[in-house]
Structures are given as structure tokens and as C-alpha cells.
1. Full-extension gain between residue 62 and residue 377, please, as 0.36 nm times their residue separation minus the C-alpha to C-alpha distance.
2. Using θ = phi - 60° and the Karplus curve 6.51 cos²θ - 1.76 cosθ + 1.60, what whole-Hz ³J(HN,Hα) does each residue of the range 272-287 get, with Gly and Pro shown as x?
3. Considering every pair of different Cα atoms, what Kirkwood radius, in Å, is found for the chain?
4. Can you list the residues, at least 5 places off or on another chain, whose amide H is less than 5 Å from the amide H of residue 156, using H built in the peptide plane?
5. Fewest Cβ neighbours within 10 Å first, please rank 298, 5, 154 accordingly.
6. Contour minus end-to-end for residue 284 and residue 179, with contour as 0.36 nm per residue of separation and end-to-end as the Cα-Cα distance?
7. Any idea which of 219, 277, 205 is furthest toward the positive side of the dipole for the chain, if Lys and Arg beta-carbons carry +1 and Asp and Glu beta-carbons -1?
8. Among the Cys residues of the chain, which have no other cysteine Cβ under 4.7 angstrom away?
Amino acid sequence: MDYRKLKEEIILYSQEIGIDKIGFTTADTFREMKNRLIRQAESGYQSGFEEPDINKRVHPELIFPEPRSIISIAIAYPSKMKDAPQSKKGERRGIFARASWGTDYHVILRDKLKRLEEFIKGRVPAAITKSMVDTGELVDRAVAERAGIGWSGKNCSIITPEFGSYVYLGEMITSLPLEPDKPMEDRCGDCNKCIDVCPTGALVAGGQLNAKRCIAFLTQTKGFLPDEFRKKLGNRLYGCDTCQTVCPENKGKDFHVHPETEPDPEIAKPLLKPLLSISNRDFKEKFGHVSGSWRGKKPIQRNAIIALAHYKDETALPELIKVLKEDSRPVIRGTAAWAIGKIGGADAEPELQHALDRETDVEVLNEIKKGIQLLETPQ
């Protein structure tokens, strides 16, 4: 088998099916990544969403029989929204991070990888392949870095010369000995903009992230958001783009080459108040196709409540008071109580006092007391 020719054919086919970048690397152990992951675990910086077995994340042979090479792919996505609706008084809006615009990237990448697998097996029927996107054992970024897709930036994203860091990543382990590509030289240099502007100081050093402080992670949690992060959330409903938008390598990068990645402005930047009463069925119907919906509506609703408090939107008080009175979920009731106190208004104190008398959940009672304290404290 002429594997050099096969690699060229794979590259050409990848371009035909809309893969923007493709790279090849060995299936050797990801030794540097293993050291990073160990440091991450020892420092308590893991999110809890990742594969818990570090060895599986860095030893391809533990998850695939006799791996010979790994193919990494990248798909570019837009950084600017066309016809973005304006957030205005009485009609405040939240925002989903760019990686959650358009169709769920897992779906997009899995489709590309499946077609690539079928092409490879059409050429080499005995080939064995295993593809993964984000939720697999391997670290997408480590594979992409070693396969020459881009370099690993200080913002913990893969940065490509062509598309900046606005790329989705996926990979395929194969039994084929395909020639590896060379890694790319790091171009971050002494630039520390992403570290300097991270809203919560989650980027503790270049290329090292304390996931538990990262807003992108925090927006996906389902419990009460710790007080110190509420004022940092702004109007974010899912994810955070700050470390990408300040990156000089992303300046002027905006690609609209895949229709499926284009955002629906009313979904990517939705009105906040309707989110407070949206049903499970309506949430799935409206937001179910975007990656930001994977944790369900609860985190999005909690974040919407915090965003309304951020705006001090008094027009939202009737909806927030209704949530405080009627919602069965302590996290949502409690966050609404805190938001009512943050926003203020004539009805705020009596409603919070009534809630204090009828509430039985200890955590919600604590949030009601915080709301009352906010009313008594000049802001």
C-alpha cells in the first residue's frame, strides 16, 4: 500500500467535504500533555466533565488496538453575528458563546469524520478507525497541536494562522501508518492579553486553566453560582469568549463558510425574560440543536436571572417574583430572590419578606436574606 499517496487522497477528500484543516500525527504517548494533566489534577483545576482516567487521555493504545496514526481535523466557525438584535431597556438579551452558534459542533464534526472514515475504508477495507469529538478520551487540543493544525495558545485554545482560534476540533485514531505532519511554532510570544483580561483569573498561566474559575465552565453548572462570579457573568448564558476576542491572532478573523455554523440571532442572542418561563418542550424545540443546550434549561435559566440582575431590569420583576413564588427548583427560586434584591424597586422588599416567611429550603432562605441585604445596602 502506498500510504503517502493515500494521505494525499485523504487530504483532497477532506477538502471536498468541507474540512478546513487536516493534520496527521503518530499514535505515540502525549507525554507533555500527561504532565500538564497531572499538574491540573494535583492543583484541583479540573472541571469534572473530562475523562477521569489520565492514562486513557494520553495513551491511544489503551483505547484502540494497535494504533498507528491519528488524523486531526478543524472546522472554522463565525466570530461575528449578522443582523444581531440589540439589547435594550425592557428587552434585555443574553448571549451564547460563538462555539455554540449554529448546529451543535459535535454533530457537524461527527458527520465529517464519519464520511472520512467511509472514504478511508473504501480505499483500505481492513482499516480500523475510531473518531471522537470533545467527549472522547483524547485531548483534542493535544492531538491538533502535534498534528500541525495550530499551536496551543496561552488561552488554552488551538490557534491556527488561517482561522485564529475560531475552529472546532475532532480526531480519528487509525490502524494505518500515515506520515505525521510537523507541529507548528508557537506564535504567542510575550503576549499575555488573554491572561490579563480573563474576568475571573481562570488563566493562571500561559496554557494552564483553572476550569473551576472559568466562566465557560461556570455557565454549565447546575447549582447556585458562587457570589464572587455573579457580577462577572454579565449577560452570558453559555460559555465565554473574552480570551478569544482579545487575542491579536483573531483580529479580522470571521469565516462564514459552513451554513450549519451560522447563528440564528434569536437563539444565539435571545430575550432574557421569556427564558424564565420556557417549558422543557419549548426549550428543546428552540435550543435543542445548539451545543449550549446539553445541560438542559436549568443552567440557562439561572444565568438569565443573573443577567437580568446585571442589567437591573425592573421590567423583569413581575416574572422574577412569579419564579420566586412558584418555581419548584431551589436554585432557580433562590437566584430569583437574590436578583430581586439586586434590582430593587417598590415591590422587592415586601415580596422578599413574604418569601422569607413561607420558604423552607435552607439555601433559598440564605439567598432571600442576601436579596434583602442588597436592598439595604447602597449599590
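1. Numbers: separation 315, 0.36 × 315 = 113.40 nm, distance 5.70 nm.
Additional length available on full extension: 107.7 nm.
2. Here the 3J(HN,Hα) series is 7, 4, x, 5, 5, 10, 5, 7, 4, 5, 5, 5, 5, 5, 7, 10 Hz.
3. On the way: mean 1/r = 0.0446 Å⁻¹.
Over the chain, the inverse of the mean reciprocal pair distance is 22.4 Å.
4. Under 5 Å from the amide H of residue 156: 207.
5. On the way: 298 16, 5 10, 154 22.
Final ranking by Cβ density, sparse to dense: 5, 298, 154.
6. Numbers: separation 105, 0.36 × 105 = 37.80 nm, distance 4.35 nm.
Extending this stretch completely gives an extra 33.5 nm.
7. Going by the charge dipole, the pick is 277.
8. 156, 188, 191, 198, 214, 240, 247
The numbers here are math on the coordinates, done by the rules we state, and not lab data. Keep in mind that what you see is a predicted model, and the values were worked out from it rather than measured. No Cβ is skipped: glycine too gets one built from the backbone with ideal geometry, and neighbour counts run over all protein chains shown.
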